[in-house]
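Since the structure comes first, as structure tokens, the remarks are kept for the end.
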Amino acid sequence: MISGLTLGERQTAVCLSLALLVLGVIFAGAGQGDPLGVHGFIIAAYAVVVMGAVITGYYAPAPGADRLTQYYDDPTKFGIIVAMLWAIFGMFVGDWVAWLLAYPDMTFDAAWASFGRLRPVHTTGVIFGFGGNALIATSYHVVQRTSRARLPDQLSPWVVLIGYNLFCLLAVSGYLIGITQSKEYAEPEWYADILLVIVWVTYFLLYIRTLARRQEPHIYVANWYYMAFILVVAVLHIVNNLAVPVSLTEAKSYSLFAGVQDAMTQWWYGHNAVAFFLTAGFLGMMYYYLPKRAGRPIYSYRMSIVGFWGITFFYMWAGSHHLHYTALPLWVQNLGMTFSVMLLVPSWIAAGNALMTLNGAWTRVRDDATLRFMAMAAVFYGLSTFEGSFMAIRPVNSLSHYTDWTIGHVHAGTLGWVSMIVFGTFYSLVPWMWKVERMYSRKLVEWHFWLAMAGTLIYVFAMWNSGIIQGLMWRTYNDGGTLAYSFVDSLVAMHPYYIARAVGGFLFFLGPVIGLYNILMTIRLSRETAGTGIAEMPVVALKAGE
Amino acid sequence: MSVEKRDPHTGYLTTGHDWNGIEELNTPVPKVIYICLGLAFAFALIYWLLMPAFPLGLTYTKGLLGVSQHSLIDADLQQAQTDQQTVTSKIATLSVDEVRADAGLMHYVRATAVPIFGDNCAACHGIDAKGGPGYPNLTDNSWLWGGDADAVLETLRVGVNDEQHDDTRVSQMLAFGRDGMLDRNALLSVVTYVQSLSKPDAGTVEAIGAGREVFAANCASCHGEKGAGSIELGAPDLTDSVWLYGGDTQSVFNTVYNGRTGVMPSWEARLSDVDRKILATYVLSLGEAGQ
Ligand code: HEM
Ligand code: HEM
């Protein structure tokens, strides 16, 4: 992959990793005795690995000018593999955490193995590690194809990917040694947050620079969604992480917000992370790969527009439904609730547009597990948004809040929607990227699909049951007017469901393991045929220098 | 360039755009979507009119129903109180023994006490109230601080060794070994003697005899001449087979070597008078069942 870089880019890459190394060494020295020092070492080691990779490929012959006539896909390939590795890691930890809830003693008396530290390792691993890398990798692919333009340079896509994965690594390792700012989905401390800001601005600039070079008169819907994802995540990330470090040599910092303002800022962030990370980005993915794989035109351009603006507008107001029945003023809760209900309509427009696009291709959905992944994803997207709007209604939330119902909703969205759309996308994209006719094994794709379906259904049904039982037990009064169950009683009642969830989760976890094997074998296949298989499509000639 | 095509399957025209082979149909937005949007908006609008919804600088729109989160919760609490009133007012005025004599009230006490006990006490005393090492069994009718209603009520109110409460019960088993009050031989013999009080064949006659002397000199002040304990000091009866910290040689040795200071939290600030009375009644009824 280094051989694709020009000599100048290789030199800049070495300089950048050298700068990172210096930064790591400074942190390691200045942060001695503080967890920051550990992170200094990790940064330095990471920089050495990156630099090593660049130097190893440094003397390879420089690429010719003909590289500019082809799309730049090396970062996409890299991102696909890394996303799969994160999927395996994150879901492994997810299943571990699931067993831990069923058998809470399973912590070997070690701090790092406690539930509170492993849980964010799971959420960060899957959302940012798996989901984020998948989004970045596919966005590079989609923006080039739909703009008929090459990425403007070959270095910034790598800066984004390498920097982003460093952020993920710092996040995950930080939780294990006890670093967190205790904001869900925004746990990493100030220095990791600053790193992500730099990465994200680079990403944003890369994206608009590519769009600016486009050869198509119009910007395709998928790009609107990817752009919304990049832009809004930047805003959310910066505002929610405003904090004052205790000192520059310590990991700890204090948020700029306090009390209920802090809670509201956090859930404005948290909900829009769901909206623009776990929804908008993946809708972008769906809008490209689903019609492509189905070979059908998008059902309605007009629905795309209404759906897009509805989703972006309504989501922004909905965050307060995470704080129903709290110290948050009632009017804020009511606003969030009503916007959440209205949000259902554009959400279903997007899901409906996807499913209607499949009209005329249902036989392919039946026969092709890859397309079936994407079709099921659209169904689960519809399902989880319906559920979400329902749960946002205050009286419903008074039952569902704090219970496993929320966890069921989360995983209907993340397993059924997010993961399935990614797997469907990857199984389409991998043969295109490595220029082979198809995946190494269709049977394994089929296996993956059914494991994912079974895992999702077991998970979600277990949590619905457990959540509703839990919610009811917490509010059942006896005829004397006092609560009928203690909290421990509800824990006992949940135990069987926790075991079921962990088993379902294990099935789901097997999916990416099989998937990575299948992808690696496909790559081997492409080496054997030396990429003589069919290309994704006749590359519309890119003029040199464009 | 834009060339509109007709899709054979749906019959709609495309928009004429083509992105790497992806086309879009120009299908109009189905009417049902506008209807749903309208309905959702109408719902929101009505809700905004009736309930607090929008900020107005320093205040906010109050809504036609005049509801606030506080008025809602107050109404709920009021309702709960009236629901409970008839029974709880009776329990509040009657004595524990009178409550125990009333089958109807006892039915209520059991139903109510089980969840309160599960939420507040089970973490230490176990869901079945049978305790564990360091946490007394509440069902065995052997009491550190006395088994009449007043004693149990007082234990619940002030706790044991709880610094948070000024009137807390205080008790301490001294660390005879760690603080160097007894040497190793004396410790071993007194341990044997203590064990022999409930199990006569616990050791040799010499050891027991030596232990008896150590006991009389060091321990009897709290545990009594015969080792039967003291309810005033919370010192356990050592002659029965009930052990708080364990009766095997190692456990008894640890107790005498390191001392013990069991902490039972006070509940005066956390549970209402009636709830504490319900718990005391319940706990006492467990002991009765165990007889
Ligand atoms: C192998 C599959 C998975 C298993 C077994 C699993 C398991 C779990 C468990 C046990 C929890 C903690 C629940 C609790 O605290 O009660 C959790 C939370 C969470 N998981 Fe997963 N998970 C899996 C896959 C995923 C994926 C793929 C994603 C995202 C793409 C995801 C996102 C989340 C999120 C966001 C939470 C936090 C939910 C909340 O705070 O309400 N999970 N997961
Ligand atoms: C119309 C769309 C949606 C609405 C109105 C909605 C609404 C809600 C509500 C009301 C909660 C529970 C808050 C609480 O009681 O604590 C929730 C939690 C959550 N939802 Fe959704 N949801 C929607 C779509 C989605 C989708 C598509 C995903 C994932 C891909 C998702 C992921 C989550 C997560 C991760 C949480 C847990 C947050 C936490 O407590 O950590 N939601 N959502």
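A few remarks follow.
- Test: residue in the range A:3-15 that is open to solvent by 40 Å² or more (accessible area, probe 1.4 Å) and not in a helix (DSSP H, G or I): no
- Single condition A:S247 does not satisfy, out of (1) open to solvent by 50 Å² or more (accessible area, probe 1.4 Å); (2) part of a loop (DSSP other than H, G, I, E, B): (1)
- As a summary of the residue check, A:W224 satisfies the conditions (1) without any contact (Cβ under 8 Å) to a residue 60 or more places away in the chain; (2) under 18 Å from the mean Cα position of the chain (by Cα); (3) open to solvent by 50 Å² or more (accessible area, probe 1.4 Å) except for the one numbered (1).
- Just one of the listed residues (A:W112, A:W86, A:W99) is within 16 Å of A:I177 (Cα to Cα) and more than 16 Å from ligand 2 (Cβ to nearest atom), and it is A:W112.
- Subset of the range A:166-188 (residues that are within 16 Å of ligand 2 (Cβ to nearest atom), assigned to a helix (DSSP H, G or I) and among the polar types (S, T, N, Q)): none
- Here A:M439 meets the list (1) of a type in the set (A, V, I, L, M); (2) under 16 Å from A:M84 (Cβ atoms); (3) modelled with pLDDT under 95 almost entirely, failing just condition (3).
- Of the helices (runs of 4 or more DSSP H) lying entirely inside the range B:85-135, those containing at least 3 residues that are within 11 Å of chain A (Cβ to nearest Cβ) are B:103-120.
- Complete set of residues in the range B:153-167 that are assigned to a loop (DSSP other than H, G, I, E, B) and either at negative phi or open to solvent by 50 Å² or more (accessible area, probe 1.4 Å) (or both): B:D162, B:E163, B:Q164, B:H165, B:D166, B:D167
- Residue in the range A:358-380 that is in contact with a Ser or Thr (Cβ under 7 Å, 6 or more places away or on another chain), open to solvent by 10 Å² or more (accessible area, probe 1.4 Å), under 30 Å from A:Q470 (Cβ atoms) and more than 16 Å from ligand 1 (Cβ to nearest atom) present: no
- The residue pairs whose first member lies in the range A:449-468 and is in contact (Cβ under 8 Å) with a residue 40 or more places away in the chain, whose second member is outside any helix (DSSP H, G or I), and whose beta carbons are closer than 6 Å, counting only pairs six or more residues apart or on different chains, are A:G467/A:T403.
- Boolean, A:S419 is within 14 Å of ligand 1 (Cβ to nearest atom), away from every other protein chain (no Cβ under 14 Å) and either in contact with a Cys (Cβ under 9 Å, 6 or more places away or on another chain) or under 17 Å from A:M285 (Cα atoms) (or both): yes
- Some residue of the range A:336-346 being in contact (Cβ under 8 Å) with a residue 40 or more places away in the chain, part of a loop (DSSP other than H, G, I, E, B), open to solvent by 10 Å² or more (accessible area, probe 1.4 Å) and within 24 Å of B:Q69 (Cα to Cα): no
- Residue tally, condition closer than 21 Å to A:E184 by Cα and within 16 Å of ligand 1 (Cβ to nearest atom), over the range A:283-319: 2
- Flag for A:V82 being assigned to a helix (DSSP H, G or I) and either closer than 22 Å to A:L151 by Cα or assigned by TED's automatic domain parsing to the domain that holds A:I523 (or both): yes
- Residue check, A:I468 over 20 Å from the mean Cα position of the chain (by Cα) and within 16 Å of ligand 1 (Cβ to nearest atom): yes
- Inter-residue pairs, beta-carbon under 6 Å, first farther than 15 Å from A:T414 by Cα and in the range A:275-304, second assigned to a helix (DSSP H, G or I) and open to solvent by 10 Å² or more (accessible area, probe 1.4 Å), 6+ apart: A:Y299/A:M356
- Under the condition of being in contact (Cβ under 8 Å) with a residue 40 or more places away in the chain, closer than 26 Å to A:Y315 by Cα and β-branched (V, I, T), the residues counted in the range A:231-256 number 3.
- Among the candidates A:V54, A:V49, residue that is more than 16 Å from ligand 1 (Cβ to nearest atom), more than 14 Å from chain B (Cβ to nearest Cβ) and exposed (fewer than 15 other Cβ atoms within 10 Å of the Cβ): A:V49
- A:A28 vs. criteria at pLDDT 95 or above, more than 24 Å from A:P512 (Cβ to Cβ) and outside any loop (DSSP other than H, G, I, E, B): yes
- Checking each residue in the range A:386-408 for being open to solvent by 10 Å² or more (accessible area, probe 1.4 Å), within 13 Å of another protein chain (Cβ to nearest Cβ) and within 6 Å of ligand 2 (Cβ to nearest atom) picks out only A:S389.
- Count of residues meeting criterion [open to solvent by less than 60 Å² (accessible area, probe 1.4 Å) and of a type outside the set (S, T, Y)] in the range B:243-286: 23
- Within the range A:86-101, residues that are within 14 Å of another protein chain (Cβ to nearest Cβ) have Cβ atoms under 6 Å from residues that are within 16 Å of ligand 2 (Cβ to nearest atom) in no pair, counting only partners at least 6 apart in sequence or on another chain.
- Scanning the range B:11-44 for residues being on the phi < 0 side of the Ramachandran plot and either among the aliphatic types (A, V, I, L, M) or more than 7 Å from chain A (Cβ to nearest Cβ) (or both) gives a total of 18.
- Here A:Y427 qualifies as part of a helix (DSSP H, G or I), away from ligand 1 (no atom under 16 Å from the Cβ) and either of a type in the set (G, A, S) or within 11 Å of A:G515 (Cα to Cα) (or both).
- Pairs, first touching a residue at least 12 places away in the same chain (Cβ under 8 Å) and more than 7 Å from every other protein chain (Cβ to nearest Cβ) in the range B:45-60, second of a type in the set (A, V, I, L, M) and open to solvent by 70 Å² or more (accessible area, probe 1.4 Å), C-beta under 8 Å, six or more apart: B:L49/B:L64; B:L50/B:L64; B:L50/B:L65
- Boolean, A:G413 is within 8 Å of ligand 2 (Cβ to nearest atom), of a type outside the set (D, E, K, R) and closer than 28 Å to B:F43 by Cα: yes
- Residue list for the range A:313-333, restricted to those being within 9 Å of chain B (Cβ to nearest Cβ), assigned to a helix (DSSP H, G or I) and touching a residue at least 60 places away in the same chain (Cβ under 8 Å): A:V332, A:Q333
Matching residues to (1) open to solvent by 40 Å² or more (accessible area, probe 1.4 Å); (2) over 37 Å from the mean Cα position of the chain (by Cα); (3) touching a residue at least 12 places away in the same chain (Cβ under 8 Å):
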site: B:H125; (1), (2), (3): no, no, yes
site: B:P133; (1), (2), (3): yes, no, yes
site: B:T139; (1), (2), (3): no, no, yes
site: B:R169; (1), (2), (3): yes, no, yes
site: B:L182; (1), (2), (3): no, yes, yes
site: B:P200; (1), (2), (3): yes, yes, no
site: B:H223; (1), (2), (3): no, no, yes
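The values are calculated or read from the model by the stated rules, or taken from the named source; none is laboratory data. Small disclaimer: the values here were computed from a predicted structure and weren't measured. Here the Cβ is made from the backbone with ideal geometry for all residues, glycine too, and neighbour counts use every protein chain on show. Keep in mind that these areas ignore ligands, DNA and RNA; they rest on the heavy atoms of the full protein, side chains included. Shrake-Rupley method; radii C 1.70, N 1.55, O 1.52, S 1.80 Å.
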